[in-house]
């Protein structure tokens, strides 16, 4: 990721609170006639961790911890093959003719192509950083990949597996869905709740697509503001429509389009990050947002609120349509259940069923005839088979044996769950709600301060959610260094998730006091899982600008490296850097030195989230040079320093870089893009 890569990223960055509907003309796609639809269940042309072949004979399930794809015969409900794929597979899409499956592997930056007849991987394609979503166009000609770490969508030729184009989009693209006619591709953005709509039309262009400049204009008589982006070397323009929607929405992991291509449904969780009255039921709000694809607006009158007084749910993650688009199935990944919503009256949706399933369900798909629903329970290694007429689970199929040590597997289940009262009140909030997939939610929260409050002061503190990746290497924990062990997460369970607590034999020990570790098996497992989270490996050779930035970073004049020495880029100490007041902090104005690894995916910055970009950290948030002497740097030097910081961690100069990318725009790292092994 680069802060200077384009105006698009600056305008529609992580802080955006709007749904974006972006229209992009691509150089290689043709208009595709809508397929004839006969099935009761709406066919899905998008990304999900579970899929089914067009004939309904084979179910496909990705297993992230097993690094495999399971193929299940729907007639016998038995696993016919478990195919090894790349590291940390996240989603699967099936070719239009049902002969191949495409699996994206976030951990190895690859696309695995599986032949369903031979039940084997026939090709593995290097793609961009952290691919998480994959979709096949309705006519089967093109494969789209959401590259979360690079902020783009890659289009490949399904026949040759060569890259046709790489399209820059807003931050953290995640879920994908083609409209049934193949003309448009919807892209969700994990932390902002935004959606990018790529308009797919024929155009002759032979240069790589590179965003280059922008200008804005108000359309006469229109409610939209249109930003136009000229593609380098062509007359092609990128149109982005900003449409108001719910503020503070995250995550937005998936999207499904109805059969007519007129409505899109997005499972989301709203966050009350700036509210003072934060209780279990006012901190986050699970819902499904609806987009009108004919008018390009967020259809607020049709939004679906999932909380129910009798059966609250947590963290909706995937959706599917059934009964001729009049029924919506919603998978709730934290509360371990499925909500079925009647959409026959769009402005008055109502819940018709609540179905408990297994641990951490992340995807749902219906058989082509709509008679059966399948839900993958990621942390059980199972699939729940549900009768779609009676809404009852008729079978549970084991699709993989999760190869994690029992302590880590149990801890991971606790981390992702809100289904127990000792973890959360009313099944509402899990660790994963704010630390999405062990990382962060891009939010700044007002949290209740439990210490002595000065007269007239508000008992709240401002906290930017931090990533938990690599946390075991950077003790003490939290911004004020108030935790000295991961077992102090009991504090969050009790006071932020509003659970009764995993320590059942009395009160928890104060943080920085006697250890909480060893007082509860559940808490020890949760702490062990948190400690197991690591910073993703990244292959990146420094560019000339980044090398210049490294020299500035390491210079005595700036002093950056004094508090941020490699390889952890933290001195594990606390310092007064002028960003915090004494009130509300454990050690006066002292802030724990954060690690600089993974900065490219951790905005906003500083303990209170007051710096949207690293440039802000070095300039407006550092007027007195208290966290690095940067006021004397020129504009170019500041940009070089920011470029270096965004490159961390990088590949040492004496290491051998991996193969160069296929023709595509300049990237934020030298990935194995375009490399094909057959």
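Values for this structure:
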| item | result |
| --- | --- |
| Residue 320 being modelled with pLDDT of 95 or more and either surrounded by fewer than 18 Cβ atoms within 10 Å (Cβ to Cβ) or in contact with a helix residue (DSSP H, G or I) (Cβ under 7 Å, 6 or more places away or on another chain) (or both) | no |
| Matching residues, the stretch 387-403, being in contact with a strand residue (DSSP E or B) (Cβ under 6 Å, 6 or more places away or on another chain) and within 21 Å of residue 69 (Cα to Cα) | 395, 396, 397, 398, 399, 400 |
| Answer residue from the stretch 470-488, given it is modelled with pLDDT of 90 or more and out of contact with any helix residue (DSSP H, G or I) (no Cβ under 6 Å at 6 or more places or on another chain) and is farthest from residue 315 (Cα to Cα) among those | 473 |
| Which listed residue is out of contact with any helix residue (DSSP H, G or I) (no Cβ under 7 Å at 6 or more places or on another chain), under 30 Å from residue 357 (Cβ atoms) and either at pLDDT 85 or above or not in a helix (DSSP H, G or I) (or both), from 462, 433, 458 | 433 |
| Residues located in the stretch 160-169, provided they are assigned to a loop (DSSP other than H, G, I, E, B) and surrounded by fewer than 24 Cβ atoms within 10 Å (Cβ to Cβ) | 160, 161, 162 |
| Count of residues meeting criterion [part of a loop (DSSP other than H, G, I, E, B), exposed (fewer than 15 other Cβ atoms within 10 Å of the Cβ) and without any contact (Cβ under 8 Å) to a residue 40 or more places away in the chain] in the stretch 372-408 | 3 |
| Extreme residue, modelled with the lowest pLDDT, among residues of the stretch 605-615 that are out of contact with any strand residue (DSSP E or B) (no Cβ under 6 Å at 6 or more places or on another chain) and either closer than 23 Å to residue 447 by Cα or part of a loop (DSSP other than H, G, I, E, B) (or both) | 610 |
| Any chance residue 70 is surrounded by 22 or more Cβ atoms within 10 Å (Cβ to Cβ), at pLDDT 95 or above and in a strand (DSSP E or B) | yes |
| Breaking point among (1) surrounded by 24 or more Cβ atoms within 10 Å (Cβ to Cβ); (2) not in a loop (DSSP other than H, G, I, E, B), for residue 122 | (1) |
| Exclusive hit being at pLDDT below 90, on the phi > 0 side of the Ramachandran plot and not assigned by TED's automatic domain parsing to the domain that holds residue 122, set 628, 674 | 674 |
| Test: residue in the stretch 353-360 that is in the same structural domain as residue 313 (by TED's automatic domain parsing), at pLDDT below 95 and crowded, with 19+ Cβ neighbours inside 10 Å | no |
| Flag if residue 55 is at pLDDT 95 or above, under 25 Å from residue 252 (Cα atoms) and not in a strand (DSSP E or B) | no |
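The values are calculated or read from the model by the stated rules, or taken from the named source; none is laboratory data. Computed from a predicted model, the values in this text were never measured in an experiment. When we count neighbours, we look across all protein chains shown, and the Cβ atoms used for this are built from the backbone with ideal geometry, even at glycine.
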